[in-house]
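The values are calculated or read from the model by the stated rules, or taken from the named source; none is laboratory data. For clarity, every value in this text was computed on a predicted model and none was experimentally measured. Note that each Cβ is placed from the backbone with ideal geometry, even for glycine, and that neighbours are counted across all protein chains shown.
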Amino acid sequence: MSRPAKAYIDLRALRHNCELANSLAPNSRTMAIVKANAYGHGVLPVARALEPLVPAFGVTCMEEAVELREGGINKPVCLLEGTFSDDEIPLAAELGFWLSVVNKQQQEAILTASLKTPVTVWICVDSGMHRLGLAVEDVASTYRSLATSRNVAGDMVVATHFACADELASDLTHRQLQQFRAGVASLANADTVPLSLGNSAGLLGWPETRVDWNRPGIMLYGSSPFSVPHAEADRLRPVMTLRSSVIALRDVPVGESVGYSARWSAQRPSRIATVAIGYGDGYPVHAPDGTPVLINNQRCPMVGRVSMDMITVDVTDLSTVAVGDEAILWGKGLSVNEVANCAGTISYELLTRMPRRVPRVYGD
Ligand SMILES: *Cc1c(COP(=O)(O)O)cnc(C)c1O
């Protein structure tokens, strides 16, 4: 006895995708990005499944890193935006978290902290995305001051992030690479300093970004970062399959409308299936009429406005359909990218905003 709306998480597919990331860049190390509750998949089961395959994890903030430690994950965890307040620095050092340094305030705070153990630092360079990171001109001075500080452990990594790596002909990516290389060239140890460049799109689509560390996120979860077919990205397997069931069926005569605002009305005698999933379950409220839904593995158009707990699907063309039949909203057989596209959003958003109300069911 339970509501049928559930997100099935295929940990075997997750591992497959991670192994693909590893195999594309056998000379790099993979930092698995598990921020935002592992893109909505549930951070602890995901991190436990990936821990044997990767040397480190990346998250957004201290809260997410602590959740990993408390869940028994012992590998290093990198805070991709560094600290938000200075009291996080001793905690990061104590718990073995790596700190990004994305501005001079963070640099200063690490230099002046009083730490029992030194902390590992990633210096993040703004190579052209202009969101976070140190200016290219400041990389050398920041590197020098941190490298000579007793508060900083071992090898620092110098990293950057691309704005347009998902656009395979992007000129900006070339310019960012040039800027980044100029920043690295200004370091005394330019030839040996470890570097980190690519997110999923970089790793998959830009071989020159495969350096010491890659930082794949979305590809681990089986969603291609590209809007066009791509030989490697198309080998990814979807990890989350959002499923529910048909809970009602009715025949709607020509001219009668379905759902809120009477957005859709029948142009022919129509059989309408009501499925127990809605925007309260992370299904996009902006999904238009015609957004595909798999009913018993056959594509049918969603019709009428998405409700909080239900959607309506035109199943007129199916030969058989019954209450209790399976509905797949995205995942196996229907890519989350396609549904996101229909709804004017991106797979990242659909996955990360999956609410708590939808139980995650893990399978291997
Ligand atoms: C989120 C994030 C990534 C992962 O990006 P994907 O596009 O999901 O692969 C990599 N690096 C940084 C700094 C990030 O914030």
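When Trp330 is tested against (1) part of a loop (DSSP other than H, G, I, E, B); (2) crowded, with 16+ Cβ neighbours inside 10 Å, only condition (1) is not met. For the residues Arg48, Arg15, Arg29, the requirement of being charged (D, E, K, R), free of Cβ contacts under 8 Å to residues at least 60 places away in the same chain and under 30 Å from Ser85 (Cβ atoms) singles out Arg48. Of all residues in region 191-248, those satisfying the criterion of being more than 10 Å from the ligand (Cβ to nearest atom) and in a helix (DSSP H, G or I) are Gly205, Pro207, Glu208, Thr209, Ala233, Asp234, Arg235.
May I ask you to verify whether Lys75 is of a type in the set (Lys, Arg), out of contact with any helix residue (DSSP H, G or I) (no Cβ under 8 Å at 6 or more places or on another chain) and assigned to a loop (DSSP other than H, G, I, E, B)? The answer is yes for Lys75.
Per-residue answers, yes or no, for (1) in contact with a Gly (Cβ under 8 Å, 6 or more places away or on another chain); (2) under 13 Å from Val246 (Cα atoms):
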{"site": "Pro269", "(1), (2)": "no, no"}
{"site": "Ala276", "(1), (2)": "no, yes"}
{"site": "Pro292", "(1), (2)": "no, no"}
{"site": "Gly304", "(1), (2)": "yes, no"}
{"site": "Ser307", "(1), (2)": "yes, no"}
{"site": "Ile311", "(1), (2)": "yes, yes"}
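Against the test of being at pLDDT 95 or above, charged (D, E, K, R) and within 19 Å of the chain's Cα centre (by Cα), the options Glu70, Glu81, Glu88 yield a single qualifying residue, Glu81. Could you say whether any residue in region 51-59 is surrounded by fewer than 18 Cβ atoms within 10 Å (Cβ to Cβ) and acidic (Asp, Glu)? Looking for residues that are surrounded by fewer than 18 Cβ atoms within 10 Å (Cβ to Cβ) and acidic (Asp, Glu), one finds at least one in region 51-59, hence yes. Tell me which residues, restricted to region 53-77, are in contact (Cβ under 8 Å) with a residue 40 or more places away in the chain and more than 13 Å from Leu95 (Cβ to Cβ). Those that are in contact (Cβ under 8 Å) with a residue 40 or more places away in the chain and more than 13 Å from Leu95 (Cβ to Cβ): Ala56, Gly58. For Ser2, only one of the following conditions fails: (1) of a type in the set (S, T, N, Q); (2) surrounded by fewer than 18 Cβ atoms within 10 Å (Cβ to Cβ); (3) farther than 21 Å from Thr83 by Cβ; (4) within 15 Å of the ligand (Cβ to nearest atom). What is its number? Every condition holds for Ser2 apart from (4). Residue count for region 227-273 under the criterion of being under 20 Å from the mean Cα position of the chain (by Cα), among the hydrophobic types (A, V, I, L, M, F, W, C) and buried (at least 19 other Cβ atoms within 10 Å of the Cβ): the result is 5. Residues that are within 16 Å of the ligand (Cβ to nearest atom), part of a helix (DSSP H, G or I) and over 17 Å from Cys78 (Cβ atoms) do not occur anywhere in region 143-161.
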